[in-house]
Amino acid sequence: MDAERWLRLSPLLDALLDLPPAGRTEELERLRASEPALAAELEALLAVEDTDPTFLHDPLPGTRPPSREGTRLGPYRLERLLGEGGMGQVWLAERADGLYQRQLALKLLRPGYADPNLRLRFSREREILARLQHPNIARLLDAGIGEGDQPYLVLEYVEGVPLTDYCREHALPVEARLHLFLQVCAAVRHAHANLIVHRDLKPSNMLVAADQEVRLLDFGIAKLLDRDGTDASHARTEVRAFTLHYAAPEQVRGEPVSTLTDVYSLGVVLYELLAGDKPYRLRRQSDAEWERAILEVSPPRPSVAVQRLAEAGQIEPGQARKLSRRLRGDLDNIALKALHKVPARRYGSVEALARDIERHLEGRPVEARPPRIGYQLQKYLQRHRWGVGLGSLAVLVLVAALGLALWHAVEARHEAARAQALQRFVLGLFDHAGGTQRHQGMALRELLSAGARRGESELEDQPRARAELLGVISRMYLGIGDYREALALSERQQQLLEADAGAPVGLRLDAASQHGRVLRLLSRSQACIERMRPLAGEAVQVQAQWPQQAADFSLQFGRCKRMLGEPVAARQWYENAIGIRRDVLRDDAGVAEGMIDLAALESDAARTGAAIEQFLAAQRQLRARLGDRHPLMVDIRRSLGVLYLDRGQAQEAEAALRSALALALELHGPDHPSTLAVRRQLGLAFLQLGRLADAGRELNAQHGPTEATLGPRHRETALSLCALGRLALERGDTAAALSAFSRAVDAWRQPDGRYLLDYGLADLSAAQQAAGDADAALATLAEARRVRAARLGASHAAVGDLDRRMGQMLLDAGQAEAARPWLERGAQLTRLGYGADDPRTLQAQLAMARLAAREGDGAPLARFADGLPEAPSMAPIRWEAQAFAAEASCLDGDLATGARQLRLLEDQLRQSRPEGGSLVREVARLASACGTAVARGRG
């Protein structure tokens, strides 16, 4: 059947399929009277539909060709069909020429289409995708023309689940669904910024990958808004190639479409995410009925749709009532505004839609609702409910603390124990008082300051009660991240207790613990040890009578030992604290806190795998007992992010750190040291992913507040400087990198930085090498190795990693023989310590293959590159291996092959790392050198 005949039959067949059997017979008889041949064809098609429900799956009935599995198209082999749309097929493919191994998505026109307009549209998709560079949009990797003049596109293969299916299968709460939807909005906003309308937005084009990131697919019917001689804001639809269920009214009517068309489709997706159902209930399932609903029917509010699902038995009534309350109000209005049938009354852009959703998540008034005073006041109170209640609660706490301090004037043991238990309950409410959020911090500081002054004056003749009150307020200052004020109060408390020979042991232990804690947080761990050491023996002796105070003392003393490079002693104190909290106090949060400290020791010792397992165990313990919103979850997820980065798993690190940052902002506010530390690590994750702009945003945002809060020589400030140095080095700014690393190393030469000094020296060495000072780089790296060997032992895998770097540096300087023993030792130690698949082990193997290539044998480099796993974390190593293999070809005299391979790699890196970086520059340098050699050879 030809296309022209099918265009005549198709609408008639649709109409007949919508009719009941009796109606079909009547309509066929009417047609037979005027056009018997047409009626006969329709009758035959209806008969086929009764026996073969798939006969309409082809563009033209009867044109389905034999399977193309295993055939080649250009340099690609088609593995299996992934899906079919209105105009194209998508195949899982791989390179057939052996250049590299990677699963790809290959898109080509469906067989049977001969319409030149469709080929034109297909070629436009190539142009469209080439313009889109966004983390939430599947990337275009290649394009070409296969046999039979068949165009094809090669896209990033995204293994994921459609957005609505993912949310349903994981039973995600509304907030999580909205965050995923905002990723879709970001991708569509990027397309609109490039004058592109997608025109077929639907959940099956929005896949959620394993990293919980959404990828937007299929720009097959998208239109460039600046083409075809159309108005810059509109483009006219062609033959229907969109999905009707998500189409806007103007698409159904065949009117011009614009970015507001995508806003409508996003509204349908949002409605389905929130309500679990599509916006329209149909009398029968047919295209005609769908068109009528889209054009004429007003959808019910999502909160009402949820209740209807409960009435139909598709959702539990209790769950429906809870969800309906959650959707009622803002989300109802947002969804219906996006779905307005008049384009001008929808959101003016995808950005406006996303902004309203963000306002809702932040508890702010949304544009979709009228700005009435009552509504705005309600949102204000909801948004500041913690702050509004906290002022009153803080006053009550201070009054209670004052009462407790007076009560403790009575020294009877049972009265003291009872009063301290009540005090600890109050402190538990405020130990993480950073949750007051940014606009409440100043008010709380003023309140605490006033409480301290009042306590000093009103309790002047009761020094012990005054000391206890100062300890309460000092701990509150610790909770909001004001370490300096906490230290001043702890020092004043110490003076009072030193003058009170009869102060209870529990009070003295508690005061020493908190004083030591703040000293450590201010990077003064040696002073912490000096403060706590006189009470260490007594803490062990009285732990049966004072278990809470003894456990707190053990944990803080162990942390100060850890900061000073005494891991064995630190472990003993940690285990003592965990034992008391588990066996005596039954303190689940305290046990999890101790598990975090033990995991940190594994991390310090560069036992990455063991550290990850222990942090995950602590996370399970905390989640099972206290849920996901405990402040310790911030520390766990931040630490996991650090360890994932050590193993090159940047995507896993980003997911953990994004979660940690969201929780830190909620609990502590933006300027708390814990929040700043998470932002620093997230910036480093972006850096490892090649997203230099995102890395710069996060790292620059956290550095100023970190230095202002903790001082220029604090170990955390040095970590921030080191992160900024890595960013500068990646951008090619060696002067800035040298300055930042030098300042970090200077800070880490203090006692508190002993366990970080070797890392800073290694980074400084890399900057010196980039600046061309090879001698200084070797000397600095040698010092880093000595420091690390002294800390971890000469046979540790982390020392082997520095051995590998030493060998690489010598190899780059042309000293292959001198490099060999270093590289061999590095390969051996990393393989034994980290395992065969760890990125650090693979880096050592790559260095050995480079050495072989320098000695005339390039085969190991090629084998190494071909044998790397396909995991995303392996991509940078694979690119390095391919670059060095191409360089080896150039050095061996095969200039044409080497130059071609480097050009291909440059193109690939341009797609994967559009913001550049050190690897991109290195490949460009190698390509330039090889290209120059080619030119000389031709000359």
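The values are calculated or read from the model by the stated rules, or taken from the named source; none is laboratory data. Not measured: the values here are computed from a predicted model. Note that we place each Cβ from the backbone using ideal geometry, even for glycine, and neighbour counts take in every protein chain shown.
Within segment 68-75, identify whether any single residue is among the β-branched types (Val, Ile, Thr), modelled with pLDDT of 70 or more and either in contact with a Phe, Trp or Tyr (Cβ under 7 Å, 6 or more places away or on another chain) or part of a helix (DSSP H, G or I) (or both), and answer yes or no.
Here is the first cut: in segment 68-75, the residues among the β-branched types (Val, Ile, Thr) are 71.
Narrowing further to those that are modelled with pLDDT of 70 or more: 71.
After this cut, where a residue has to be either in contact with a Phe, Trp or Tyr (Cβ under 7 Å, 6 or more places away or on another chain) or part of a helix (DSSP H, G or I) (or both) as well, the list is none.
No, the conditions are met nowhere in segment 68-75.
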Looking only at residues in segment 127-153 that are of a type in the set (Gly, Ala, Ser) and part of a strand (DSSP E or B), which one is farthest from the chain's Cα centre (by Cα)? Gly146
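Here is a yes/no grid of residues against (1) modelled with pLDDT under 95; (2) more than 30 Å from the chain's Cα centre (by Cα); (3) over 20 Å from Ala762 (Cα atoms):
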| site | (1), (2), (3) |
| --- | --- |
| Gly793 | yes, yes, no |
| Leu832 | yes, yes, yes |
| Ala836 | yes, no, yes |
| Ala844 | yes, no, no |
| Ala847 | yes, yes, no |
Looking only at segment 877-897, decide whether some residue is farther than 21 Å from Gly98 by Cα, surrounded by 15 or more Cβ atoms within 10 Å (Cβ to Cβ) and modelled with pLDDT of 85 or more. no
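Among residues belonging to segment 295-338 that are part of a helix (DSSP H, G or I) and of a type in the set (Asp, Glu), point out the one that is nearest to Arg369 (Cα to Cα).
As a first pass, look at segment 295-338 and keep what is part of a helix (DSSP H, G or I): 295-296, 302-311, 317-327, 330-338.
When the remaining residues are screened for being of a type in the set (Asp, Glu), the result is 296, 311, 330, 332.
On the way: Glu296: 23, Glu311: 28, Asp330: 7, Asp332: 10 Å.
Only one residue fits best here, namely Asp330.
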Scan segment 921-936 and give yes if some residue there is of a type in the set (S, T, N, Q), under 28 Å from Thr608 (Cα atoms) and in a helix (DSSP H, G or I), otherwise no. no
Please determine, by comparing only the residues of segment 828-869 that are in contact with a Lys or Arg (Cβ under 7 Å, 6 or more places away or on another chain) and farther than 17 Å from Gln882 by Cβ, which one is surrounded by the fewest Cβ atoms within 10 Å (Cβ to Cβ). Asp838
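Looking at segment 564-572, is at least one residue over 28 Å from Thr830 (Cα atoms), of a type in the set (S, T, N, Q) and either surrounded by fewer than 16 Cβ atoms within 10 Å (Cβ to Cβ) or at pLDDT 95 or above (or both)? Quick ask: steps written out before the conclusion?
Within segment 564-572, the subset over 28 Å from Thr830 (Cα atoms) is 572.
Keeping just the survivors that are of a type in the set (S, T, N, Q) gives 572.
Still in the running and either surrounded by fewer than 16 Cβ atoms within 10 Å (Cβ to Cβ) or at pLDDT 95 or above (or both): 572.
Within segment 564-572, one or more residues are over 28 Å from Thr830 (Cα atoms), of a type in the set (S, T, N, Q) and either surrounded by fewer than 16 Cβ atoms within 10 Å (Cβ to Cβ) or at pLDDT 95 or above (or both).
May I ask you to list the residues in segment 619-640 that are in a helix (DSSP H, G or I), of a type outside the set (S, T, N, Q) and in contact with a Ser or Thr (Cβ under 9 Å, 6 or more places away or on another chain)? If you could, list the steps in order and put the result at the bottom.
So the first thing to find is which residues in segment 619-640 are in a helix (DSSP H, G or I), and the list is 619-626, 632-640.
So of that shortlist, the ones also of a type outside the set (S, T, N, Q) come out as 620, 622-626, 632-638, 640.
Listed by number, the residues that qualify are Met633, Val634, Asp635, Arg637, Arg638.
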